[in-house]
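The next block holds one structure in the form of structure tokens; read it before the comments.
Rule-based calculations on the coordinates, nothing more; no lab input. Note that the coordinates shown come from a computational prediction; the quantities given were computed from them, not determined experimentally. Reconstructed Cβ throughout: ideal geometry from the backbone, glycine too, with neighbour counts over all protein chains shown.
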């Protein structure tokens, strides 16, 4: 009791957990709706993983090719996600992202320009037209800085009107939430600690927006930072929400594989968009051997046509280096396994022989800088060594597409950005995540605010729940017999990387589940040396619990889904199966155990499915669905004839 | 393939601490941050250190490595000799929280005080039109990853806690410059604000900030100097103000430049004929000529001289082993202030006439 009485308490209307693009955009919206808003940031303000996004933000503004529009963007997104996307999310995303990008300019963002002064847009894998608004190759930084500065400007307004910067929106930097506290089925608050002091803090709030990003730290080779431990996924599960599509993880095809210390750092896809090609150790441009049938129509089958495309995209098919990420990742994996890889276990990405040095430095400044400083490689002179790296999780909290409200038994919980699931289906297109953050960040923040307006009374935090949260958080510090959290993390990463990685097999997945169960026992007894002040060992010990439960969801769902699709490749089921396209795998928590359920995908509205060719749909849909589609088309034809 | 290397890492908190010695394995291609991580995973699990992206993009792992402010993730181990001891200490300008983590809230406070972008009235979202060449100038400053190395190295605050109140630092000067150069920013007094409220005048352009910037932003040349120059035009710079004060004492009576020092100070107007100077009554022709051309902000600043080092290439005394906080007195330990009058070598122009 005495411990809980001394805990610092704050009252807010909306608490946003996560200070990346989605979190900041949600917070801006909640504050604009007049709600008192807290932003919880695991790192310092402005350091979120969003800064790593290099390529750009996809939005069908049509600035470079006026034939682009939301329907084309919607189609590309669905195609990229292999039709497993929540169609409504893909629709909202395609429709609203241009406004969200333009809005950033009113916050002070400075995107690269076209000749006529509009926002320039670049080509990217899987997008039919040049669509990515960008700033050199540091678009993520621009986005986070712009949102950060918008929050500062709102704080300056509050200072002018109410006398305090923090009156209506406050950033709690270096603060980690370890538990959501409920009142019945309603969110009542969030409990966590300040990293600096190790002191606990309780936020009493009826609405919580999760924007915590992904789960990459459970993998050995990853582009993700230490923060990416699946906190939001786990918090949602424990609060009674559900996760979908957890088997789908995106392995970015081109992460650095040399030097070892920077293994996993991404080489932006725009290197390929600007003319970079992939070669194996024999010097062969191998991607032509890996164009799947579904993409034959859009991708060139010879070097001459592919090279013409950069200058004349209307009359030539695209180079196969720009295939969706999973295809490229799989191709690289096959080349390396066939013994045609580089000494460091990757392949060569060559831009040096394709563009003049000045042009490379101008188009890819931070890539040039990064390779020069980290690896002492001059990308204008020699090829890069790249290979697949864990990059993004498509799966996440199952949400209502319009509001971002979490499904399951909990109310008052919202999710946006990488932590939410459904939008990207089985695979995300490059550039769609920055626009996803903005579109659904805004939506979830706005809907969290309106949820409050119809709430009759503020839920209350119970003392028992609070005490239990304190006890769990302190446990690793009080044990001195358990294992070192760093070793446990390495073991977890080994299990996930080796057995639940880019290419999966039934036996290995079953093995992984056994090992995760053993790890669960060990994690329950983890101990952290040292005190409570800025103690990374303790923080990791607490994060491990989240990483473990989320890894279990991934392994379980990966074992269940007997097909290959997007970010889930089963060696024993190499083909896509239309029957599986109709199923989302939904994870929930029953006591401590992860429960898996099948759930049918929502059915696409007629005017949306009508945007596709029958021939294309034939590759994805079951015969039954195709019959429905044909009936729909003939109805429409009849109607037209009748008019 | 790893070799053992000697590391010294500062461990402690606001109550004090010291350098601790570690022998750590180092492999080919690693950076200092990898070694810190290896320490955490082995002998020092509670070693506090900030990091995020590990790719030089987030600016979290700022630290001082062998006394130089750097990003841990961008400092390759191959830049040190095999047998060289690597000393890692926290940023000196900010209060220590624990080990390598410092309290950088100073920077966030200054960020909050800097007026935000003012959108142009009557331009709807989607209707913003700007040319690439115009946005590029601001884009250079928007590359800033907020590692705060420039803030840390800036001598205006590094050894002068008292200046922190009035001085925002290089990071926020380039923020002001960025907005000043933004083609559509509706606020027109960015430079004046930088001078009057951010302490731009404190900066005397030693370019240390530019030197440590991991993004290679030309903080001084492209940000601070253009703002200073234009602000000088508008008579707000203390140097110009001082010049006009000295001038008004009447020691150089040829012209009466007072408030019209815009042309007077910088462009040496010859309104009433004859030359004038704002530098006082010097008759040295070279000084006169220098004063004529105004203050040369583009002058080449001499590089700092190398300090006297011992046989190991180290300073005989490091700050960390020194027996007090902050730098020693430049006047020597045996001098106390105020000095007794007889020790002053000052001659009064009237009273001390002989």
Label point 7 Å out from residue A:402 along Cα-to-Cβ: which residues of the range A:447-477 have amide N under 19 Å? A:447-455
Taking every DSSP beta bridge that has both residues in the protein assembly as shown, what percent is antiparallel when rounded to the nearest 5? 70 percent
From the Cα centre of the range B:152-206 to that of the range A:85-126, the distance in Å is 33 Å
Gain on full stretching of the segment that runs from residue A:592 to residue A:611 - 0.36 nm per residue minus C-alpha separation: 2.5 nm
Send over the semi-axes of the range B:68-152's equivalent ellipsoid, whole angstrom and largest first, taken as the square roots of 5 times the C-alpha gyration tensor eigenvalues. 38, 20, 8
Using 0.36 nm per residue, how much length does the chain from residue A:157 to residue A:454 gain when fully extended, once their Cα-Cα distance is taken away? 104.2 nm
Restricting to Cα pairs under 8 Å and 6 or more apart, the percent relative contact order of the range B:3-102 works out to 34 percent
Using the basic label-point model (7 angstrom from Cα toward the beta carbon), what is the residue A:8 to residue A:305 distance in nanometres? 6.3 nm
Specify the angular offset, from 0 to 90 degrees and rounded to the nearest 10, of the alpha carbon long axis of helix A:485-499 from the longest principal axis of the alpha carbons in chain A. 30 degrees
Cβ neighbours within 10 Å from other chains - mean over B:27-33: 4
For the range A:246-297 and the range A:151-220, what is the separation of their Cα centres, given in Å? 37 Å
Computed FRET efficiency, Cβ-Cβ of residue B:336 and residue B:105, R0 30 Å: what is it to the nearest 0.05? 0.30
Three principal axis extents, largest first, for the C-alpha atoms of the protein assembly as shown, in Å? 115, 70, 67
Expressed as a whole number, the average count of other chain Cβ atoms within 10 Å around the Cβ atoms of A:143-149 is 3
What do you get for Rg/Rh of the range A:357-421 when both radii come from the Cα atoms and Rh is the Kirkwood radius? 1.33
Ranking of A:269, A:521, B:25 by count of other Cβ atoms within 10 Å, fewest first: A:521, B:25, A:269
At 37 °C and a viscosity of 0.692 mPa s, what translational diffusion coefficient does Stokes-Einstein give for the range A:576-643, taking Rh as the Kirkwood radius over Cα pairs? Give it in µm²/s as a whole number. 230 µm²/s
Could you compute Rg(Cα) / (2.2 N^0.38 Å) for the range A:485-643, with N its residue count? 1.48
Calculate the FRET efficiency for residue B:20 and residue A:372 from the Cβ-Cβ distance with a Förster distance of 30 Å, rounded to the nearest 0.05. 0.35
Counted neighbours (other Cβ, 10 Å), sorted fewest up, put B:58, B:213 in the order B:213, B:58
What is the order of B:178, B:161, fewest Cβ neighbours within 10 Å to most? B:161, B:178
0 to 90° range, to nearest 10: angle between helix A:432-453 axis and chain A longest Cα axis: 40 degrees
Hypothetical label at residue B:186: residues of the range A:100-135 whose amide nitrogen lies under 13 Å (7 Å Cα-Cβ projection): A:106-108
Taking every residue of B:39-48, the Cβ atoms of other protein chains inside 10 Å of its Cβ average out to 6
Honestly the range A:1-73 on the Cα gyration tensor test (a ≥ b ≥ c root eigenvalues; a/c under 1.5 rounded, otherwise a/b vs b/c for prolate or oblate) is just prolate
Give the calculated FRET efficiency between residue A:362 and residue A:562 to the nearest 0.05, with a Förster radius of 41 Å applied to their Cβ-Cβ distance. 0.30
Need one number: nm distance between label points at residue A:293 and residue A:505, each 7 Å from Cα along Cα→Cβ, rounded to one decimal. 2.6 nm
With an 8 Å cut-off on Cα pairs and a minimum separation of 6 or more residues, tell me the relative contact order of chain A in percent. 20 percent
Where does helix A:536-560 land angle-wise versus the long Cα axis of chain A, in degrees 0 to 90, nearest 10? 50 degrees
Net length gained if the chain between residue A:599 and residue A:337 were fully extended (0.36 nm per residue, minus Cα distance): 90.7 nm
To the nearest µm²/s, what D does Stokes-Einstein give for the range B:3-102 at 37 °C and 0.692 mPa s, using the Kirkwood radius over alpha carbon pairs as Rh? 244 µm²/s
Could you please state, rounded to a whole Å, how far the C-alpha centre of the range A:429-458 is from the C-alpha centre of the range A:301-363? 37 Å
